[in-house]
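A.B. asks: Take this structure first; my questions come after.
The values are calculated or read from the model by the stated rules, or taken from the named source; none is laboratory data. Because the structure is predicted, anything quoted here is derived from the model rather than measured. Cβ placement follows ideal geometry from the backbone for every residue including glycine, while neighbour counts extend to all protein chains displayed.
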Amino acid sequence: MANQDSNKSVTIENLEAAFAGESMAHIKYRYFAKLAREAGADDVARIFEDTADQEVMHAFGHLDLLYPKAQLTPAKSLEIAIEGETYEYTEMYPKFRHLAVEEGNQAAVAEYDEQIAESKEHAENFKRTLEKAAKRFAALAKVEERHANHYQQALDALNAA
């Protein structure tokens with residue numbers, strides 16, 4: 001996540017593992033709440049939902065340490081997302097799919113095929129968004145440069161007078 005090199009600190013590895021655990025707990029508890037609600041156990045569903053909300057806050061705390069806000073721009077966030085989604089559709093899911101084929105688990109193969117396609121689509125959407133943002137920022141920079149030049153001309157005229 002935060003640091004892809006082989007010299008990653010144990011603390012960073014632990015924060016990543018903690019983030020993964022909290023994230024998994026959040027989704028699992030949301031799923032359990034859905035099943036409890038379908039079974040008519042709304043009180044149980046609410047307990048799972050409340051706990052799931054807390055798990056998200058725990059995960060956000062870990063992310064704050066992995067990706068300090070002062071270093072995280074929208075562009076950097078998009079780059080990280082592109083990297084993650086690309087990894088999913090080029091390496092992770094194809095490997096999982098291969099193993100599911102070897103085991104003859106067709107349901108898992110179908111799930112992985114779907115995830116490969118969706119992860120590729122997500123990466124492409126993030127790339128398009130990053131490209132649009134870069135064009136917008138480039139256009140804004142030109143506008144700001146024109147304003148700065150205009151102000152400088154006005155200041156020069158004042159100083160010349």
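A.B. asks: Among the numbered conditions (1) within 27 Å of L63 (Cβ to Cβ); (2) without any contact (Cβ under 8 Å) to a residue 12 or more places away in the chain; (3) of a type in the set (S, T, N, Q), tell me where Q115 comes up short.
C.D. replies: So the condition that Q115 fails would be (2).
A.B. asks: If you don't mind, there's one more thing I want to ask. Can you find even one residue in the range 56-74 that is in a helix (DSSP H, G or I), in contact with a Leu (Cβ under 6 Å, 6 or more places away or on another chain) and among the hydrophobic types (A, V, I, L, M, F, W, C)? Break it down into steps so the answer makes sense when it comes.
C.D. replies: Restricting attention to the range 56-74, the residues satisfying the condition of being in a helix (DSSP H, G or I) are 56-66, 69-71, 74.
Checking the rest, the ones that are also in contact with a Leu (Cβ under 6 Å, 6 or more places away or on another chain) come to 62, 65-66.
From what is left, the residues that are among the hydrophobic types (A, V, I, L, M, F, W, C) are 65-66.
Yes, the range 56-74 contains a residue that is in a helix (DSSP H, G or I), in contact with a Leu (Cβ under 6 Å, 6 or more places away or on another chain) and among the hydrophobic types (A, V, I, L, M, F, W, C).
A.B. asks: Next question, about the same structure. I want to confirm something. Restricting to the range 96-136 and keeping residues that are among the aromatic types (F, W, Y) and over 17 Å from I82 (Cβ atoms), which single residue is nearest to the chain's Cα centre (by Cα)? Lay out the reasoning, then the answer.
C.D. replies: Step one: of the range 96-136, the residues among the aromatic types (F, W, Y) are 96, 112, 126.
Next, from what is left, pick out any that are over 17 Å from I82 (Cβ atoms): 96, 112.
Values: F96: 21, Y112: 20 Å.
Selected residue: Y112.
A.B. asks: While we're looking at this one, here's another question. Considering each residue of the range 14-59, count those that are of a type in the set (A, V, I, L, M, F, W, C) and within 19 Å of G84 (Cα to Cα), and give that number. It would help to see each step written out before you state the result.
C.D. replies: From the range 14-59, those of a type in the set (A, V, I, L, M, F, W, C) are 15, 17-20, 24-25, 27, 32-33, 35-36, 39, 41, 44-45, 47-48, 52, 56-57, 59; that's our starting set.
Filter once more, so that each one left must be within 19 Å of G84 (Cα to Cα): 15, 17-20, 24, 27, 59.
Final tally of qualifying residues: 8.
A.B. asks: I want to confirm something. Restricting to the range 49-71 and keeping residues that are within 18 Å of T11 (Cβ to Cβ) and free of Cβ contacts under 8 Å to residues at least 24 places away in the same chain, which single residue is surrounded by the most Cβ atoms within 10 Å (Cβ to Cβ)? Explain how you work it out, then say what you get.
C.D. replies: Filtering the range 49-71 for residues within 18 Å of T11 (Cβ to Cβ) gives 58-68, 71.
Then keep just the ones that are free of Cβ contacts under 8 Å to residues at least 24 places away in the same chain; that gives 60-61, 64, 68, 71.
Values: F60: 11, G61: 14, D64: 12, P68: 10, Q71: 8.
Per the criteria, the residue is G61.
A.B. asks: A follow-up question, please. Out of (1) touching a residue at least 12 places away in the same chain (Cβ under 8 Å); (2) within 24 Å of N125 (Cα to Cα); (3) surrounded by 15 or more Cβ atoms within 10 Å (Cβ to Cβ), what's the single condition that is false for M92?
C.D. replies: Single failed check for M92: (1).
A.B. asks: When G40 is evaluated against the numbered criteria (1) on the phi > 0 side of the Ramachandran plot; (2) surrounded by 13 or more Cβ atoms within 10 Å (Cβ to Cβ), which criterion, by number, is the only one it fails?
C.D. replies: So the condition that G40 fails would be (2).
A.B. asks: Conditions first: (1) touching a Phe, Trp or Tyr at 6+ places or on another chain (Cβ under 9 Å); (2) hydroxyl-bearing (S, T, Y); (3) modelled with pLDDT of 95 or more. T11 passes all but one, so which condition is the exception?
C.D. replies: (1)
A.B. asks: Pull up the range 95-134, narrow it to residues that are at pLDDT 95 or above and hydroxyl-bearing (S, T, Y), then point me to the one that is surrounded by the most Cβ atoms within 10 Å (Cβ to Cβ).
C.D. replies: Only one residue fits best here, namely Y112.
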